[in-house]
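Asker: Just dropping this structure here.
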Amino acid sequence: MTMTEFVISTIVKILVVLGIFSALAGFGTYLERKVLAFMQRRLGPMHVGPYGLLQVLADGIKLFTKEDIVPQNSIRPIFMIAPVIGAATAFIALAAVPLFPEFEIFGITVHPIISDVNVGVLFVLGVMASGLYAPLLAGMASANKWGLLGAARTVIQLLSYEVVTGLSIMAPLMMVGSLSLIDINNYQSGGIGDWIVWSQPVAFVLFLIAGFAETNRTPFDLLEHEAEIVSGYATEYSGMRWGMFFIGEYTNMITMAFLASIIFLGGFNDLGFIPGGLAIVLKVSFLFFFFLWTRAAWPHIRPDQLMWLCWKVLLPLAVINVVITGLVLMI
Amino acid sequence: MSLEQFKDRNVTQNYKFIPVDKPPVAPLDKFKQALKRTFKGELFVGLWVVFREMVRFNIHTVQYPKEKLPISPRYRAVHKLYRLLESGYERCIGCGLCEKICIANCIRMDTRYDENQRKEVTEYTINLGRCIFCGYCAEVCPELAIVHGGRYENASEQRAHFVLRDDILTPLDFLKEGKQEEFPGFGAVSPNADERIKKTPLAY
């Protein structure tokens, strides 16, 4: 592959991923509202378009045309750049995620991964973790007590759970022996029995819990807990800047779902008669649905319970899991 | 059901007391409690409940402007002025009781004697901005001329639309089609009114 081809194909991939995933993030809000509504015996959005399908569009128009308000005492440049960090890191994290198996189109073999970094997992988790700067800076710059509290909670929550995420996937990585997501995927190419979730169930549960915390989803939805801190770091935000936080959040959810399905659930290997591309879409959709499902079913927890859970339960479990995996691998 | 039943204050309440354990203090007990709660699977019960409701798809939403819930005949919304069924004259005899009893002072009427020396209502307005829909006017009306209807959607662009006589008076063509239904609700005589009539005690 020549340099020109490489540059062009990468740019095309970036544009496709950006377009599809920002659209999916918008569509995710629609799905969330529908699923939550059905679980609570409501109908959800119904008026805009057939079954409310165009609600996303209407919300988008509303967000784009709203006045961009920057509060008086806020630190203007930081306040304005914080949501961009949130959305950008979410999309950058997707760069090292292999989304589909290789396929051919117009005689060209396409690798549906923007950049096959050989430390893919580290890159994705690192970039997602740096996304914590978005709520942190937003909350600190917006000259608002609720914003500040939200930012403080962001730091404790995301930093603590980052540790659990890292430790929980340590055990699968020890088994695979590579940090590249493609290698991890290929390790499980032998059907359902090869999925890492069977050999590492504890790691899978820990990873999911930490994923909920990192994407700021319901049982750990403390950064913008309406009942306590109005809207947390996003209190002073409105219009598209507010929307960017949520595009970031939903993209992070999808990234998390991709990571969980690639690392634990067999990735994009063929699943019986289901081709790999469809298999991973099904897995990611199920995990995304699971995010919404828990939101309808489970209550929030308190910040102190959050910290208790992280440091006194999940962290020891993760460490024990790593030790046991190491022992088993050694023997 | 007789009245005595309601007057009996010595009712035994069937309260069921749910025993609540004291929160554990000792570290080992705390640990046991956490362990029990973790593996009891209560979280999955929650997941199952909401999933069941989603699959059942037993939706309770009323899509309001398109669907409306039925309201009781006793509902007290915007008033109606009725006409006599046979002649089509207004039932209102201009007695002014409604104006007098209105505690929000929102009814105004003007009357004059017509050529037959009968009271005729020339102006009748109800200021719905002030009306508290207490229903006294309908209750006090001796002719069942003013009643409460079921129209509860009151949005308008001008305050003057709340509310003139022409808006609430039964239209003549409407009456001729027999669409003025006798009012069963607030202020109307009860169905068994005849049985309940007693002679005025004149003994004293």
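The values are calculated or read from the model by the stated rules, or taken from the named source; none is laboratory data. The model shown is predicted, which means the values in this text are computed figures rather than measured ones. Cβ coordinates were reconstructed from backbone atoms using ideal geometry, including for glycine residues, and neighbour counts include every protein chain displayed.
Asker: Out of A:Leu327, A:Leu309, A:Leu317, A:Leu292, I need the residue that is within 14 Å of chain B (Cβ to nearest Cβ), closer than 30 Å to A:Ile182 by Cβ, in a helix (DSSP H, G or I) and over 20 Å from the mean Cα position of the chain (by Cα). Which one?
Answerer: On the way: A:Leu327 fails: within 14 Å of chain B (Cβ to nearest Cβ); A:Leu309 fails: closer than 30 Å to A:Ile182 by Cβ; A:Leu292 fails: over 20 Å from the mean Cα position of the chain (by Cα).
On inspection, the qualifying residue turns out to be A:Leu317.
Asker: Of the residues A:Ala210, A:Ala203, which single one is within 25 Å of A:Gly86 (Cα to Cα) and in a helix (DSSP H, G or I)? Spell out the reasoning first.
Answerer: On the way: A:Ala203 fails: within 25 Å of A:Gly86 (Cα to Cα).
It is A:Ala210.
Asker: Also, I was wondering about something else. If you go through the stretch A:82-105 one residue at a time, how many are more than 14 Å from the chain's Cα centre (by Cα) and farther than 15 Å from A:Gly239 by Cβ? Lay out the reasoning, then the answer.
Answerer: Looking only at the stretch A:82-105, we keep the residues that are more than 14 Å from the chain's Cα centre (by Cα), and these are A:82-85, A:98, A:100-105.
Now restrict to residues that are farther than 15 Å from A:Gly239 by Cβ: A:85, A:98, A:100-105.
Looking only at that region, the number is 8.
Yes or no, residue by residue, for (1) surrounded by 21 or more Cβ atoms within 10 Å (Cβ to Cβ); (2) of a type in the set (Val, Ile, Thr); (3) touching a helix residue (DSSP H, G or I) at 6+ places or on another chain (Cβ under 6 Å); (4) under 20 Å from A:Ala25 (Cβ atoms):
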position: A:Thr255; (1), (2), (3), (4): yes, yes, yes, yes
position: A:Ser261; (1), (2), (3), (4): yes, no, yes, yes
position: A:Gly277; (1), (2), (3), (4): no, no, no, no
position: A:Phe290; (1), (2), (3), (4): no, no, no, yes
position: A:Ala297; (1), (2), (3), (4): no, no, yes, no
position: A:Arg302; (1), (2), (3), (4): no, no, no, no
position: A:Trp308; (1), (2), (3), (4): no, no, no, no
position: A:Pro316; (1), (2), (3), (4): no, no, no, no
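Asker: Further, regarding this structure: Could you go through the stretch A:42-49 and let me know if any residue there is within 14 Å of chain B (Cβ to nearest Cβ) and among the basic types (Lys, Arg). If you could, list the steps in order and put the result at the bottom.
Answerer: Taking the stretch A:42-49 and keeping what is within 14 Å of chain B (Cβ to nearest Cβ), we get A:42-48.
Checking which are among the basic types (Lys, Arg) leaves us with A:42.
Taking every residue of the stretch A:42-49 in turn, at least one turns out to be within 14 Å of chain B (Cβ to nearest Cβ) and among the basic types (Lys, Arg).
Asker: Something else now. Report those helices (runs of 4 or more DSSP H) wholly inside the stretch A:60-160 carrying at least 1 residues which are closer than 15 Å to A:Arg241 by Cβ and free of Cβ contacts under 8 Å to residues at least 40 places away in the same chain. It would help to see each step written out before you state the result.
Answerer: Details: elements: A:76-93, A:120-130, A:133-141.
So the answer is A:76-93.
Asker: Could you list all residues from the stretch A:5-27 that are among the aromatic types (Phe, Trp, Tyr) and either more than 30 Å from B:Leu47 (Cβ to Cβ) or not in a helix (DSSP H, G or I) (or both)?
Answerer: At the first step, the residues of the stretch A:5-27 found to be among the aromatic types (Phe, Trp, Tyr) are A:6, A:21, A:27.
A:Phe6 - this is the single residue of the stretch A:5-27 that is among the aromatic types (Phe, Trp, Tyr) and either more than 30 Å from B:Leu47 (Cβ to Cβ) or not in a helix (DSSP H, G or I) (or both).
Asker: Determine, yes or no, whether A:Tyr30 is closer than 22 Å to A:Trp242 by Cα, assigned to a helix (DSSP H, G or I) and either touching an Asp or Glu at 6+ places or on another chain (Cβ under 8 Å) or of a type in the set (Ser, Thr, Tyr) (or both).
Answerer: Details: closer than 22 Å to A:Trp242 by Cα: yes; assigned to a helix (DSSP H, G or I): yes; either touching an Asp or Glu at 6+ places or on another chain (Cβ under 8 Å) or of a type in the set (Ser, Thr, Tyr) (or both): yes.
Against the criterion (closer than 22 Å to A:Trp242 by Cα, assigned to a helix (DSSP H, G or I) and either touching an Asp or Glu at 6+ places or on another chain (Cβ under 8 Å) or of a type in the set (Ser, Thr, Tyr) (or both)), A:Tyr30 qualifies.
Asker: Continuing with the same structure: Name the single residue that is farthest from B:Ile107 (Cα to Cα) among those in the stretch B:160-182 being out of contact with any Leu (no Cβ under 9 Å at 6 or more places or on another chain) and part of a helix (DSSP H, G or I).
Answerer: Keep residues of the stretch B:160-182 that are out of contact with any Leu (no Cβ under 9 Å at 6 or more places or on another chain), which gives B:160, B:164, B:166-167, B:171-174, B:176-177, B:179, B:181.
Those still in the list that are part of a helix (DSSP H, G or I) too: B:160, B:166-167, B:172-174, B:176.
Numbers: B:Ala160: 14, B:Asp166: 14, B:Asp167: 14, B:Leu172: 23, B:Asp173: 26, B:Phe174: 25, B:Lys176: 28 Å.
Among them, the one singled out is B:Lys176.
Asker: Restricting to the stretch B:140-173, name every residue that is under 11 Å from B:Lys80 (Cβ atoms) and of a type in the set (A, V, I, L, M, F, W, C).
Answerer: If the condition is that a residue be under 11 Å from B:Lys80 (Cβ atoms) and of a type in the set (A, V, I, L, M, F, W, C), then B:Leu144, B:Ala145, B:Ile146, B:Val147, B:Val163, B:Ile168, B:Leu169 are the ones that fit.
Asker: Ok, one more. List, please: which pairs have Cβ atoms under 8 Å, are six or more places apart or on different chains, and start with a residue in the stretch B:34-63 that is at the interface with chain A (Cβ under 7 Å from one of its Cβ atoms) and of a type in the set (Asp, Glu) and end with one that is in a helix (DSSP H, G or I) and surrounded by 11 or more Cβ atoms within 10 Å (Cβ to Cβ)?
Answerer: Between residues of the stretch B:34-63 that are at the interface with chain A (Cβ under 7 Å from one of its Cβ atoms) and of a type in the set (Asp, Glu) and residues that are in a helix (DSSP H, G or I) and surrounded by 11 or more Cβ atoms within 10 Å (Cβ to Cβ), the close pairs are B:Glu53/A:Phe38; B:Glu53/A:Met39.
Asker: Is one or more of the residues making up the stretch B:95-115 surrounded by 10 or more Cβ atoms within 10 Å (Cβ to Cβ), in contact with a Phe, Trp or Tyr (Cβ under 7 Å, 6 or more places away or on another chain) and either within 14 Å of another protein chain (Cβ to nearest Cβ) or outside any loop (DSSP other than H, G, I, E, B) (or both)?
Answerer: Yes.
Asker: Same structure, new question: Within the stretch A:161-218, work out how many residues are farther than 24 Å from A:Trp293 by Cβ and of a type in the set (S, T, N, Q).
Answerer: Matching residues across the stretch A:161-218 total 7.
Asker: Could you tell me which of the residues A:Val35, A:Val56 is within 14 Å of chain B (Cβ to nearest Cβ), surrounded by 15 or more Cβ atoms within 10 Å (Cβ to Cβ) and among the β-branched types (Val, Ile, Thr)? Can you show your working first?
Answerer: Values: A:Val56 fails: within 14 Å of chain B (Cβ to nearest Cβ).
Checking each option against the conditions leaves just A:Val35.
Yes/no per residue for (1) touching a helix residue (DSSP H, G or I) at 6+ places or on another chain (Cβ under 7 Å); (2) assigned to a loop (DSSP other than H, G, I, E, B); (3) under 29 Å from A:Ile301 (Cα atoms); (4) of a type in the set (D, E, K, R):
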residue: B:Gln13; (1), (2), (3), (4): no, yes, no, no
residue: B:Pro24; (1), (2), (3), (4): yes, yes, yes, no
residue: B:Asp29; (1), (2), (3), (4): no, no, yes, yes
residue: B:Leu43; (1), (2), (3), (4): no, no, yes, no
residue: B:Arg52; (1), (2), (3), (4): no, no, yes, yes
residue: B:Gln63; (1), (2), (3), (4): no, yes, no, no
residue: B:Glu67; (1), (2), (3), (4): no, yes, no, yes
residue: B:Pro73; (1), (2), (3), (4): no, yes, no, no
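Asker: Which of the residues belonging to the stretch A:180-198 are closer than 30 Å to A:Trp308 by Cα and surrounded by fewer than 19 Cβ atoms within 10 Å (Cβ to Cβ)?
Answerer: A:Trp198
Asker: So how many residues does the stretch B:31-41 have that are in a helix (DSSP H, G or I) and either touching a strand residue (DSSP E or B) at 6+ places or on another chain (Cβ under 8 Å) or more than 17 Å from A:Trp308 (Cα to Cα) (or both)?
Answerer: Within the stretch B:31-41, the first condition is being in a helix (DSSP H, G or I), and the residues that meet it are B:31-39.
Cutting the leftovers down to either touching a strand residue (DSSP E or B) at 6+ places or on another chain (Cβ under 8 Å) or more than 17 Å from A:Trp308 (Cα to Cα) (or both) gives us B:39.
Here the count works out to 1.
Asker: Scan A:Leu282, A:Leu265 and give me the residue that is surrounded by fewer than 17 Cβ atoms within 10 Å (Cβ to Cβ), more than 14 Å from chain B (Cβ to nearest Cβ) and more than 30 Å from A:Met80 (Cα to Cα). Can you show your working first?
Answerer: Numbers: A:Leu265 fails: surrounded by fewer than 17 Cβ atoms within 10 Å (Cβ to Cβ).
On inspection, the qualifying residue turns out to be A:Leu282.
Asker: Among the residues of the stretch B:64-76, how many are free of Cβ contacts under 8 Å to residues at least 40 places away in the same chain and either in contact with a strand residue (DSSP E or B) (Cβ under 8 Å, 6 or more places away or on another chain) or surrounded by 11 or more Cβ atoms within 10 Å (Cβ to Cβ) (or both)? Outline the logic, then answer.
Answerer: Filtering the stretch B:64-76 for residues free of Cβ contacts under 8 Å to residues at least 40 places away in the same chain gives B:64-70.
Now drop any that are not either in contact with a strand residue (DSSP E or B) (Cβ under 8 Å, 6 or more places away or on another chain) or surrounded by 11 or more Cβ atoms within 10 Å (Cβ to Cβ) (or both), which leaves B:68.
Total satisfying the criteria: 1.
Asker: Right, here's the next one. Just one of (1) aliphatic (A, V, I, L, M); (2) within 39 Å of the chain's Cα centre (by Cα); (3) away from every other protein chain (no Cβ under 14 Å) trips up B:Leu28, so point out which.
Answerer: The failed condition is (2).
Asker: Quick one: is A:Ala129 at pLDDT 80 or above, hydrophobic (A, V, I, L, M, F, W, C) and surrounded by fewer than 20 Cβ atoms within 10 Å (Cβ to Cβ)?
Answerer: On the way: at pLDDT 80 or above: yes; hydrophobic (A, V, I, L, M, F, W, C): yes; surrounded by fewer than 20 Cβ atoms within 10 Å (Cβ to Cβ): yes.
The answer is yes for A:Ala129.
Asker: Which number in (1) modelled with pLDDT of 85 or more; (2) within 15 Å of the chain's Cα centre (by Cα); (3) not aromatic (Phe, Trp, Tyr) marks the one condition that A:Ser168 misses?
Answerer: (2)
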